[in-house]
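The values are calculated or read from the model by the stated rules, or taken from the named source; none is laboratory data. Just so we're clear, the structure is a prediction, and the values are computed from it rather than from any experiment. Cβ placement follows ideal geometry from the backbone for every residue including glycine, while neighbour counts extend to all protein chains displayed. Areas reflect the complete protein model, heavy atoms only, side chains present, ligands, DNA and RNA absent. Shrake-Rupley method; radii C 1.70, N 1.55, O 1.52, S 1.80 Å.
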Amino acid sequence: QVQLVESGGGLVQPGGSLRLSCAASGRIFSIDPMGWYRQAPGKQRELVSAITSRGMTNYADFVKGRFTISRDNAKNTVYLQMSSLKPEDTAVYYCNAKIQRFSFEYVNDYWGQGTQVTVSS
């Protein structure tokens, strides 16, 4: 069974920084890509950033220049460094990974349990 375990959320003041981590464990043949989504109260879940196993990245316009995604392939872990945080960044952040458990299996979507990020003074 595959699990995604997130950590690093919390309360931070505007302008502050946080680092989220997400580690995938279990039977894994490949993971590509890994990424982060977020969902604020009353809003739909939206993509924040994603990264491929080769290090290609993409970012939502609202985080460009402020957030940095990175990945440790050996540890099956993805990170999101968030800086210059704004109150509108407040949301539950979810890790997402497209995982193939065996070479002969289709790719499936996996989600973490979510971690709350609150930006407030």
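Observations on the model:
- Cβ pairs under 7 Å, 6+ apart, first in the stretch 110-121 and at pLDDT below 95, second buried (at least 17 other Cβ atoms within 10 Å of the Cβ) and part of a loop (DSSP other than H, G, I, E, B): none
- Selection of the stretch 38-62 for residues being open to solvent by 40 Å² or more (accessible area, probe 1.4 Å) and of a type in the set (A, V, I, L, M, F, W, C) yields 47, 56, 62.
- Any hit, the stretch 26-37, residues being basic (Lys, Arg), open to solvent by 60 Å² or more (accessible area, probe 1.4 Å), over 13 Å from residue 92 (Cα atoms) and not in a strand (DSSP E or B): yes
- Taken over the stretch 1-17, the criterion of being under 17 Å from residue 119 (Cβ atoms), open to solvent by 30 Å² or more (accessible area, probe 1.4 Å) and out of contact with any Lys or Arg (no Cβ under 7 Å at 6 or more places or on another chain) is satisfied by 9, 11, 13, 15, 17.
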